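Below is one structure, written out as structure tokens; comments come after it.
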Amino acid sequence: MTPVWYASLFRLEKRLRSALPGHCAFCLGQTLEEKAWCQECFDRLPWNKRCCTRCAEPLTSVRQVLCTHCRSELPAFSGAHVPFIFEGPIRQLVHNFKFEASPRAGHLMVDLYLETLTGDRESRSENEVLLPVPLFAGRSQERGFNQADWFARQLGRHLDLPVINATRLVDTPSQRMLGRQGRRDNLNDVFQLHLPSASRVVIVDDVVTTGATAQSLARTALAAGAMNVAVLAFARTPLGA
Ligand SMILES: [Zn+2]
Ligand SMILES: [Zn+2]
């Protein structure tokens, strides 16, 4: 079922896009290509290039391959693609998307994310499904929509991948208020999920903070019979945030 707001977002988005054709969304300068950004702003975005090869946590040293958490215990998911750091214009963009429900910001996130996918991404694996991080029902009602679900559906449309939804069984205290261990304890057995057999699951979120939610959902997916679980998110919080 498609909620009503999806349709109205699309209409508004169309209008906003046509309002500024050929202008960069970040600096309002002219763009030469069909893109919504100029090359200079694109290059200057906070890229999450130096990051853990397993969980995409930003690293402090170029010599590191895995972050300290993955070195002590590997996560249940096999890899993560999180191209941006949640700061500067990326933080602003997510903020506009999340709290002001700006469809222009949301579509810009989708376009930027798609731009970061390499060619091999286009040949999708068989049985691949997108699994957005669910919100507790009460929370999505409060906020109006689940941004991870919206992001996953847009990517699914572009990449021709089905979206599967998990249920969040219990509400959890705000992750922000808890330490890393607390966040882990807080997230045990909170999801319920039914998967088609032999699914390759890609967990989708907008911003990853510690990876504890992805870890918990990955465990649930594996327990539900997933062959493999990977994580896809738009941005990762900077170190120490
Ligand atoms: Zn620009
Ligand atoms: Zn890691």
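The values are calculated or read from the model by the stated rules, or taken from the named source; none is laboratory data. A quick note: this is a predicted structure, and the numbers were derived from the prediction, not measured. What goes into the accessible areas is simple: the full protein's heavy atoms, side chains included, and nothing from ligands, DNA or RNA. Shrake-Rupley method; radii C 1.70, N 1.55, O 1.52, S 1.80 Å.
Observations on the structure shown:
- List ARG236, ARG168, ordered by accessible area with a 1.4 Å probe, largest first: ARG168, ARG236
- Candidate residues SER102, SER197, SER125: accessible-area rank, largest first, probe 1.4 Å: SER197, SER125, SER102
- Global geometry of the stretch 201-241, whether rounded, prolate or oblate, following the gyration tensor of its Cα atoms and the 1.5 cut on a/c: prolate
- Within the accessible area of the stretch 46-113 (1.4 Å probe), percent carbon and sulfur: 52
- Put simply, the C-alpha atoms of the stretch 21-101 give a gyration tensor, and the ellipsoid matching it has half-axes of 31, 15, 10 Å, longest first.
- Solvent-accessible surface (1.4 angstrom probe) belonging to HIS95, in square angstrom, nearest 10: 90
- Taking ARG104, ARG200 and ordering them by how much accessible surface each has at a 1.4 Å probe, largest first, produces ARG200, ARG104.
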